[in-house]
1. Which of the strands (runs of 3 or more DSSP E) found entirely inside the stretch 720-836 contain at least 1 residues meeting this: farther than 30 Å from PHE667 by Cβ and without any contact (Cβ under 8 Å) to a residue 24 or more places away in the chain?
2. For the stretch 163-177, check the following and say yes or no: at least one residue is under 18 Å from PRO653 (Cα atoms), surrounded by fewer than 22 Cβ atoms within 10 Å (Cβ to Cβ) and either modelled with pLDDT of 95 or more or in contact with a Cys (Cβ under 6 Å, 6 or more places away or on another chain) (or both).
3. From the set of residues in the stretch 608-625 that are of a type in the set (D, E, K, R) and open to solvent by 50 Å² or more (accessible area, probe 1.4 Å), which is farthest from PHE667 (Cα to Cα)?
4. I'd like to check something: does the stretch 626-641 contain any residue that is free of Cβ contacts under 8 Å to residues at least 12 places away in the same chain and surrounded by fewer than 22 Cβ atoms within 10 Å (Cβ to Cβ)?
5. Go through (1) under 22 Å from LEU806 (Cα atoms); (2) in contact with a Lys or Arg (Cβ under 8 Å, 6 or more places away or on another chain) one by one and return the number of the condition VAL508 breaks.
6. Can you say whether GLU248 is open to solvent by 80 Å² or more (accessible area, probe 1.4 Å) and either charged (D, E, K, R) or at pLDDT below 95 (or both), as far as the supplied structure shows?
7. Could you pull out every one of the helices (runs of 4 or more DSSP H) wholly within the stretch 312-418 that has 1 or more residues that are free of Cβ contacts under 8 Å to residues at least 60 places away in the same chain?
8. Restricting attention to the stretch 650-667, which residues are surrounded by 14 or more Cβ atoms within 10 Å (Cβ to Cβ) and outside any strand (DSSP E or B)?
Amino acid sequence: MRKTFSQLPLTGVKIVDFGQYIAGPAVGMLLGDLGATVVKIDPLAGPMWDSPANAALNRNKVIVNLDLKTEDGLEKARALCSEADIVIENFRPGKLAALGLDFAEMRKERPELITLSIPGFASNDLERREQRAFETVVAASSGVFTDMGLNRVLMGVNPSFSPLPLASAYAAQIAASAAVLALQSRQVTGRGDQIEVPLAAAVMEGLCYNSIKVADIPERYLTQREKEIERRRIEGLQMNVPYEDLQELLDPFFRSYMCKDGRMFYVVCPSHKHHAKRCLEVLGIYEKLVEEGLTSEDDTYKPWAEWSSPVSLGVYPMPKDWADHIAARMKEVFMTRTAREWVKLFGRAGIPGGPQLWLQEWINDEYAEHSGLMIDVWDPEYGEMTQPGPIVWMEESGEEALAPEPRRWVEFDEALKILRKHRTDIPEPSEENDQEAWLTGVRVLDLCNVIAGPHSACYLARFGAEVIKLDPAQPLYDSWNTVIYGLSQMRGKRSMLADLKSRYGRQVFEDLVKSVDIIVWNAPDSQIKRMGLDTESLRKLNPDAIFCKLDCFSGVRRGVRTDYIGYDDLVQAATGIMLRFGGAMDRPEEHAHVGTIDVMCGFGGALAVAAALYQKYRHGRIGRGRTSLSANSGLLQLPFAFDYKGRGLFDEPSGPDAIGWDDLSRFYSTASGRHILLSAYENDLQRFRNVEGLEELPDIDPDERAAYLATAFQSQPASEWLSRLREADIGVAICENIDALRARHSREADDTPGTDNGSYSFSVYADHPSGHEVIQLDPYAVRATRGKVYAVSPSEKFGASTRTILAELGYADRAVEKMLTSGALSESWSEEYLPS
């Protein structure tokens, strides 16, 4: 199989992967890239999804073709599973058990086994569990296609199709991290676990920043687009804003600008104390705008009514008059240079911004190749092939992950021999080494900002980790970025505020570092070294601490863009997501409006932490985990993020007119006015003979199918078609929206994580610490039989635990008062939780 690299963290871990399509195989890929030995079981006829993407999904795997409907195939599958540490499947609930491969029974014989199921809908979702849950069916059912961002709402494009496999990509990262968290817990307890991660729950967690509802949110947090949507709804006006007019509703520091060479350049720096100013300085228009009245409020966390001016540079969103004025000036200046020139100027100045690229350009980008974000792999079917590099890696062994073994087909005997080569030592279970949750007793220091990093640490909290969030005594980001986002990513944490540049703040920081097991930060290497968290310095402070870094552009190898600052939207621009969604260079569009890649990267950070913990417990090595937004874009675009000699066009569905993949897999309007998403394949055609009103479809000329189906679907309401098509086991879903899902699946917060509530679950916090009623998604995607999943506490106010944490570190009351009085530490950024 692969060359043995002892440094890779999951070396010796044995996995049997029954997965098909994307989610299951992607978990095997993620774990194989980290060193696991993976045996893939495919049907005799090959994988159920015939795609070049399988070359990447199945790298570092040997493939065995078995017929699980025969006793011989079953016996061989059981023999392989009996050697495994982890077994993966992503079929409908109960399907594998019905074939004779029952995970519960396997674990009775081998309690140390970890099993991982990734169904489309939850096994306890009686309404949906038996549905044919293809990627697009899950997306439509979960509101993905009707909540594709504020732009599409205003343009009246509803539903709005996207070919990105959001559900599978989120599920893969969540499931992989859950499996390795269970694995590292097994090294402590000797006990395995049975885990389920439904795709529907996973994609909802990925979009949790879009589904949160805050009652009576102050006006200062409403964007121009949100205000326009509300105005049109109140006045009964159509949502039909042209793309060009829509651009004038965007913040000047959160949009694309045309450059001299005809390429768009995306700027995303609206919320930082310094980024917006640096942007205007690099453009050469800062001084003039200040002369014209542009102001920067010293304290933007006090009530808006108390500001000296309604506008403050570095606060999002900006009032429309100033937004229009600044954008007009920026448009003029951007046209004076090429996008390539602006890349250098913005990168060197530490300003988040970059050119809009097509995916094909990104795949063949010099930096992407050099850094290991894209790698060359020789595949037995496609030859020399460019694929996404490792999504998660360890600093100390990342170079090894850049040389994956290509997929290889073997006979059963060889696969069994490969698994038997490895032996994993597991402690004997006892009461003394038992854990209630996978991370019981683990202490985490979260130094991150925005979404990806903080969300990673928040995710760890549900599994029992104690998380301390450390932020500056005086904020660098505006309250939209900290408090609004914090309603989601601060859950389950205690918050402390300290000026790390001060003597007292530095002292407290070092004491915290000495007290924790894990440190998570999304900072450039220069800042990490300055704070004493590079490998050598951290070893002196806390030799047992694991460090995990998340950032924007990193790959395994350093390159010219490694330390460039950036966010989710910027990676969407750099890797082709925005241009695909918009459809053309002169009309790029953000894909959704929060968290397309951010949250996924957070789950990737958790996988890095889990792998580092396993490496520590199993091999006695202290590692440094890594992932990046750019790396995760490779996972998100896996169905088309590849290149090889003879590859066809990069012609996946794009632009606002996209309605699906083909005539059998697309949106159709029904007699009730609601859209359904049909998800069928050519080999499903005979099933339509059992659908009243669609019996003739198999006989229709392929060129006439769309017209036939569009006409037929207008004869009955959406609910009737749902019933008829599901009765014939054809994939279909009504295009739901998140507001409706939240309304139907909300309950008063009851200190449970929502894992018992099926595929969708929200909690209503009537007495939220913010003083506002908050309805938000539960931490419910991971369901484990042994390890407990906690209902994490609502986000406390920033700084609320400063005193308590200082006391726990051993500081006397008098010393604490002195620190607080000096301003080196703080208990709050503002009088109000959510500044009005």
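The values are calculated or read from the model by the stated rules, or taken from the named source; none is laboratory data. Everything numeric here is computed off the predicted structure, so don't read it as measured data. Cβ atoms come from the backbone with ideal geometry, glycine included; neighbour counts cover every protein chain shown. Heavy atoms of the whole protein, side chains included, go into the accessibility calculation; ligands, DNA and RNA do not. Shrake-Rupley method; radii C 1.70, N 1.55, O 1.52, S 1.80 Å.
1. Values: elements: 731-734, 746-748, 762-765, 774-777.
Answer list for the stretch 720-836: 746-748, 762-765.
2. yes
3. Taking the stretch 608-625 and keeping what is of a type in the set (D, E, K, R), we get 616, 618, 621, 624.
Next cut, open to solvent by 50 Å² or more (accessible area, probe 1.4 Å) only: 618, 621.
Numbers: ARG618: 50, ARG621: 51 Å.
In this case the residue turns out to be ARG621.
4. Residues of the stretch 626-641 that are free of Cβ contacts under 8 Å to residues at least 12 places away in the same chain, as a first pass: none.
No, the stretch 626-641 contains no residue that is free of Cβ contacts under 8 Å to residues at least 12 places away in the same chain and surrounded by fewer than 22 Cβ atoms within 10 Å (Cβ to Cβ).
5. Every listed condition holds for VAL508 apart from (2).
6. Values: open to solvent by 80 Å² or more (accessible area, probe 1.4 Å): no; either charged (D, E, K, R) or at pLDDT below 95 (or both): yes.
Considered against the rule, which asks whether it is open to solvent by 80 Å² or more (accessible area, probe 1.4 Å) and either charged (D, E, K, R) or at pLDDT below 95 (or both), GLU248 comes out as no.
7. On the way: elements: 320-334, 339-349, 359-363, 366-371, 398-401.
Passing ranges, in order: 320-334, 339-349, 366-371.
8. Within the stretch 650-667, PHE650, GLU652, PRO653, SER654, GLY655, PRO656, ALA658, ILE659, ASP663, LEU664 meet the criteria.
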